[in-house]
1. Sort out which residues of segment 21-46 are surrounded by 10 or more Cβ atoms within 10 Å (Cβ to Cβ), outside any strand (DSSP E or B) and either at pLDDT 95 or above or hydroxyl-bearing (Ser, Thr, Tyr) (or both), and write them in order of number.
2. Of the residues in segment 86-121, how many are open to solvent by 100 Å² or more (accessible area, probe 1.4 Å) and in contact with a helix residue (DSSP H, G or I) (Cβ under 6 Å, 6 or more places away or on another chain)?
3. Could you list, in sequence order, all residues of segment 137-178 that are among the hydroxyl-bearing types (Ser, Thr, Tyr) and either surrounded by fewer than 10 Cβ atoms within 10 Å (Cβ to Cβ) or touching a Gly at 6+ places or on another chain (Cβ under 6 Å) (or both)?
4. Just the residues that are under 27 Å from Arg126 (Cα atoms) and part of a loop (DSSP other than H, G, I, E, B), please, taken from segment 87-108.
5. When you look at Ile84, is it under 30 Å from Asn123 (Cβ atoms), of a type in the set (A, V, I, L, M, F, W, C) and in a loop (DSSP other than H, G, I, E, B), yes or no?
6. Taking the stated definitions as given, is Thr50 part of a helix (DSSP H, G or I), among the hydroxyl-bearing types (Ser, Thr, Tyr) and either under 30 Å from Tyr19 (Cα atoms) or open to solvent by 60 Å² or more (accessible area, probe 1.4 Å) (or both)?
7. For segment 63-80, state whether one or more residues are among the aliphatic types (A, V, I, L, M), in contact with a Lys or Arg (Cβ under 7 Å, 6 or more places away or on another chain) and either open to solvent by less than 70 Å² (accessible area, probe 1.4 Å) or part of a helix (DSSP H, G or I) (or both).
Amino acid sequence: RDITAGTYGEVKQFEGRYYYVREIEGTNFVTVAVVPEEAMDESLASIQSTVAGWAVVGIIIQSICIFLLITYFLRPIGKIGELIVSMQALDLTKRLEIKEKDEFGQMSENLNHLADELNQVMNRFRTSAYEIEEKSENNVQVAERLNGSADEQANAVESLRGVMNELSGAIEVIADGS
């Protein structure tokens, strides 16, 4: 059987061997490579096991990289979540210590600034509440004094009315006697 029949440059299998035939340009000669099937199978098995080994190594390295990336991204998110929870509880003393200049770093700076601003607002509210309390205590004292003065004026008016009634009675007596 002619194994060179057909096109050159193809691998053909015949009688337990692999053949590769290639024409030498410009001549009537061809080169033929013959490899026993067992040698080819051994080579392919070796290549398959090497590829499989490297695939396992690649998967392990990829898994480690993914784990490190996830840890890198989740750590700041956890810290940001803790700060937000403490801010919900009105604990405005905590701050984030994220030094990176990425989005998480910018977010931590913004949250720290927000906590500072909220703390200032809370201090102003607290100061205003103390001032209002102090002024309301002053108003209570003034109201008590005014109430006392009003009572004194009512007593004076009552006393004055009694005196006026006596004077009116005395004037009537004088007018009747004259």
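1. Of everything in segment 21-46, those that are surrounded by 10 or more Cβ atoms within 10 Å (Cβ to Cβ), outside any strand (DSSP E or B) and either at pLDDT 95 or above or hydroxyl-bearing (Ser, Thr, Tyr) (or both) turn out to be Ser43, Ser46.
2. The number of residues fulfilling the criteria is 1.
3. So the first thing to find is which residues in segment 137-178 are among the hydroxyl-bearing types (Ser, Thr, Tyr), and the list is 149, 159, 168, 178.
Result: Ser178, single match.
4. From segment 87-108, those under 27 Å from Arg126 (Cα atoms) are 87-96, 108; that's our starting set.
Matches in segment 87-108: Ala89, Leu90, Asp91, Leu92, Thr93, Lys94, Arg95, Leu96.
5. Numbers: under 30 Å from Asn123 (Cβ atoms): yes; of a type in the set (A, V, I, L, M, F, W, C): yes; in a loop (DSSP other than H, G, I, E, B): no.
Against the criterion (under 30 Å from Asn123 (Cβ atoms), of a type in the set (A, V, I, L, M, F, W, C) and in a loop (DSSP other than H, G, I, E, B)), Ile84 does not qualify.
6. Numbers: part of a helix (DSSP H, G or I): yes; among the hydroxyl-bearing types (Ser, Thr, Tyr): yes; either under 30 Å from Tyr19 (Cα atoms) or open to solvent by 60 Å² or more (accessible area, probe 1.4 Å) (or both): yes.
So Thr50 fits the description; yes.
7. Narrowing segment 63-80 to residues among the aliphatic types (A, V, I, L, M): 64, 66, 68-70, 74, 77, 80.
The next check asks that each one be in contact with a Lys or Arg (Cβ under 7 Å, 6 or more places away or on another chain); those that pass are none.
Taking every residue of segment 63-80 in turn, none turns out to be among the aliphatic types (A, V, I, L, M), in contact with a Lys or Arg (Cβ under 7 Å, 6 or more places away or on another chain) and either open to solvent by less than 70 Å² (accessible area, probe 1.4 Å) or part of a helix (DSSP H, G or I) (or both).
The values are calculated or read from the model by the stated rules, or taken from the named source; none is laboratory data. Keep in mind it's a predicted model, so treat the numbers as computed, not measured. All Cβ positions, even for glycine, are placed from backbone atoms using ideal geometry, and neighbour counts span all protein chains on display. Side chains are part of the model used for accessible areas, which takes the heavy atoms of the whole protein and leaves out ligands, DNA and RNA. Shrake-Rupley method; radii C 1.70, N 1.55, O 1.52, S 1.80 Å.
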